[in-house]
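Here the structure comes first, spelled out in structure tokens, and everything after it is commentary.
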Amino acid sequence: MSSSQPTEIYAIDTCSLIDWQVRHYPSDVFSSLVTAMDGLVVDGRMVAPELVKEEVGAVGGSAELIAWVDGQKNLFVPTPEVLAEAQAIQGRFPGLQDPKAEFEEADAYVIALARLKKGGIVVTQETSAAEKKNPKRTHFIPDVCRELGVPCINLLGLMRREGWRF
């Protein structure tokens, strides 16, 4: 699996990790995808804020995904490294936060991480508010990324961008 543009850094959101291993690309069927994702982490090309790790456990990650996440020490960037940028994003886009959330959400931190990394691209399964029938918020990750000029793709887009074939 070769990388077409090895300088890109992917800041991955919780929903993409859950969609990968729990919903759409389970490891028992897509075993080589685990190897490919591991390669991005080892190369320092896939990162996530620490809050993503917390969300995986809180929002229903499978035991297999939780074990994978727990084993990815190089994936997670400590919160203090992205805190100021994430707070600036939350201040500018208060509609990004779910007012009913029971824990601090990672969305602003994922976007902040992509902004702070050269060539940063957000990977999320979220769709924009305009694409939703009854959006619960005014902004979702793609909306904020568009307004800030941060590239935003979904998991399938990452696979295509990397030129992966399974």
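The values are calculated or read from the model by the stated rules, or taken from the named source; none is laboratory data. Quick caveat: nothing in here was measured; it's all calculated off a predicted structure. Reconstructed Cβ throughout: ideal geometry from the backbone, glycine too, with neighbour counts over all protein chains shown. The protein model used for the area step is the full one, side chains on, heavy atoms only, and it has no ligands, DNA or RNA in it. Shrake-Rupley method; radii C 1.70, N 1.55, O 1.52, S 1.80 Å.
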query: Per 5 Å bin, what percent of the C-alpha pairs of segment 1-60 does each bin hold, from zero upward?
result: 4, 17, 25, 26, 20, 7, 2
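Output needed for segment 97-140: three equivalent-ellipsoid semi-axes, defined as square roots of 5 times the C-alpha gyration tensor eigenvalues, in descending order, whole Å. Display every interim value, and only then the final one.
Details: eigenvalues 93, 42, 10 Å².
For segment 97-140, the semi-axes come out at 22, 15, 7 Å.
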message: Give the separation of the Cα centroids, segment 1-65 to segment 82-97, in Å.
response: 24
message: If you fit an axis through the alpha-carbon atoms of helix 107-116 and take the longest principal axis of the Cα set of the chain, what angle between them do you get, 0 to 90°, nearest 10?
response: 70
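Given a 1.4 angstrom probe, I'd like the percentage of the accessible area of segment 22-166 that is carbon and sulfur, rounded to a whole number. Don't skip to the end; give the middle numbers.
Working: 3810 of 7640 Å².
Taking all protein chains in place, segment 22-166 shows 50 percent carbon and sulfur surface.
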- request: Report, by chain and number, residues whose modeled amide H sits under 5 Å from the one on Ala11, excluding near sequence neighbours (fewer than 5 apart, same chain).
  value: Val47, Ile121, Val122, Val123
- prompt: Put a dot 7 Å past each Cα toward the Cβ at Glu102 and Ala63; how far apart are the dots in nm?
  reply: 2.2
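Could you put Cys152, Cys145 in order of accessible surface area, largest first, with the 1.4 Å probe and the full protein assembly present? Provide the component values of the computation, followed by the final result.
Numbers: Cys152 50, Cys145 0 Å².
Descending accessible area places them as Cys152, Cys145.
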statement: Violations at 27 Å Cα threshold for listed pairs Lys53/Lys133; Lys53/Lys117; Lys73/Lys100; Lys73/Lys117; Lys53/Lys100 -> Lys53/Lys133; Lys73/Lys100
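Tell me, what is the per residue accessible area of the chain in Å², probe radius 1.4 Å? Write out the running numbers ahead of the final one.
Numbers: 8370 Å² over 166 residues.
Per-residue accessible area for the chain comes out at 50 Å².
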